[in-house]
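All remarks here apply to the structure that follows.
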Amino acid sequence: MFLIGLVLFTGASVACGLASNMWTLQLARMVQGVGAALQVPASLALLNHTFADPHERDRAIGLWGGIAGVAAAGGPIIGGLLVNALSWRSVFFLNIPVGIVALLLAWRFVPHIEGQQGRGLDLGAQFAGIIALALLTLAFIQSAAWGWTSLPILGSLAGFVLATVIFLLIERRAESPMLPLGLFRSLTFSAANSVGLLLNFGFYGELFVMTLFFQNIRGLSALITGLALLPQMGMAAFSSTLSGRVTGRRGARRSMIIGLTPGAAGFLLMTLVNAATGYLLFVLPLMAIGFGMAFTMPAMTTAVVSSAPKERSGIASGVVNASRQVGSALSVAVLGSFVSQRATFIPGMHLALASAGGAFLFGLLLTLLFVRQR
């Protein structure tokens, strides 16, 4: 499955770079997303099977998170450089050599692990889940334009509820459920997945809003915007690797608390800035947010994977990454709607940042109450 994901992602990157129109690009991006969705849970499942010792596994997952942090740190900057120096197509072409090297390494070193026999695809639940998320995202994205009381928005919300109920009914009766609901009997599993959703909701929503702020309000180019966000991204690359070491020694719960606390403080400090604020006053809050998100993410992942039975590690990995992606999608829809009008951008930005900080604070509360120290 990991190799299939790599092939799809790399091939779709070629198609994205060569796309001649928006429809082709969007279709290729969908395939790219499928490839990524196959790789990430599989990579975590491989780590879980490879490292039998819990402390070694925690450190390995921390290293996995560290690499993800480095990628998150370099993405905006490298993307800005490529767009300014070459074109937007070069952003996708960059994936090709990386994908080829990853394929060769995976073919040579990644062991084959037998999957569970007799498991189906559970297509009904997959379609119900896709429809539910699509309708919820649509409602939040279009709420500013259509109004919360408009028929399309109310219909989307009703459809979301119906699709969610259908999803749960299918999973309760399925012989091979895509998402075994019994996993959520573990308070640690449920709480840590919720923290994953809240993490991405806060961090990627803030990243989206601040990118708009620097480009549309401060008038910076894509490259300079990437450089302006460098303190946040650089701290993310550093702290995610550090988190793996701390989590391996002290456990996931403590690392999550250490990360969520300064992250929430950073968001709340950002609510004090405005269009005239000097850049140096952005640096400390940006560093706090980057540290908080990246220090928490590997620990949260460790908590989820460790709380599930080993034979369910692939499913657990899929659930935590699905939770994070849901958080990302909702963050852009919800927080983006707060800043949709330029005339009220700054008040909307403050509301968005306060909401992101609230998400981190709620994640901290869930961690304190429900995540158990292993």
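The values are calculated or read from the model by the stated rules, or taken from the named source; none is laboratory data. Given the structure is predicted, the values throughout are model-derived calculations rather than measurements. Note: ideal-geometry Cβ built from the backbone for every residue, glycine included; neighbour counts use all protein chains shown.
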- Out of all the residues in region 359-372, which are touching a residue at least 40 places away in the same chain (Cβ under 8 Å) and not β-branched (Val, Ile, Thr)? 359, 360, 361, 362, 363, 364, 366, 368, 369, 370, 372
- Message: Of the residues 339, 332, only one is closer than 30 Å to residue 179 by Cα and among the β-branched types (Val, Ile, Thr); which?
- Response: 332
- Task: Output the residues belonging to region 154-181 that are among the β-branched types (Val, Ile, Thr) and crowded, with 19+ Cβ neighbours inside 10 Å.
- Result: 170
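Here's the yes/no breakdown for (1) of a type outside the set (A, V, I, L, M, F, W, C); (2) over 14 Å from residue 293 (Cβ atoms); (3) in contact with a helix residue (DSSP H, G or I) (Cβ under 9 Å, 6 or more places away or on another chain); (4) outside the structural domain of residue 282 (by TED's automatic domain parsing):
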{"position": "216", "(1), (2), (3), (4)": "yes, yes, yes, no"}
{"position": "227", "(1), (2), (3), (4)": "no, yes, yes, no"}
{"position": "233", "(1), (2), (3), (4)": "no, no, yes, no"}
{"position": "249", "(1), (2), (3), (4)": "yes, yes, yes, no"}
{"position": "258", "(1), (2), (3), (4)": "no, no, yes, no"}
- Message: Given (1) closer than 27 Å to residue 333 by Cβ; (2) in a helix (DSSP H, G or I); (3) not hydrophobic (A, V, I, L, M, F, W, C), identify the lone condition not met by residue 219.
- Response: (2)
- Query: When you go through (1) surrounded by 20 or more Cβ atoms within 10 Å (Cβ to Cβ); (2) among the small types (Gly, Ala, Ser); (3) not in a helix (DSSP H, G or I) one by one for residue 243, which number turns out not to apply?
  - Reply: (3)
- Note on the structure: Residues of region 169-197 being more than 24 Å from residue 298 (Cβ to Cβ) and either modelled with pLDDT of 90 or more or over 25 Å from the mean Cα position of the chain (by Cα) (or both), in sequence order, are 169, 170, 172, 173, 174, 175, 176
- So, in region 246-261, of the ones that are surrounded by fewer than 20 Cβ atoms within 10 Å (Cβ to Cβ) and at pLDDT 90 or above, which residue ends up farthest from residue 193 (Cα to Cα)? 261
